[in-house]
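Heads up: the structure comes next, in structure tokens.
The numbers here are math on the coordinates, done by the rules we state, and not lab data. In this text the structure is predicted, and so the values were computed from the model without any measurement. Neighbour counts run over all protein chains shown; Cβ positions are idealised from the backbone, glycine included.
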Amino acid sequence: MLWEVTTEKAWLIKGLEIAPDHVHVLVEHGCDVAIHKIVKALKGRSSRLTGLPNS
């Protein structure tokens, strides 16, 4: 699902580390995109698909 979001937004995942309770993602993006918008897009999609709260 992370790749779907980044592809839709024309961002590129450069690095990814998955832990049992969180992830670290290094995303290449345009300079016109604020980091909080990237976090919101990725967390929003993942929380909708997993049914977990977006916190």
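Here are a few things to note about the model shown:
- Modelled label positions at MET1 and HIS22, each set 7 Å beyond Cα in the direction of Cβ, lie 1.9 nm from each other.
- Model label points for ALA34 and ALA10, set 7 angstrom from Cα along the Cα-to-Cβ axis, are 2.1 nm apart.
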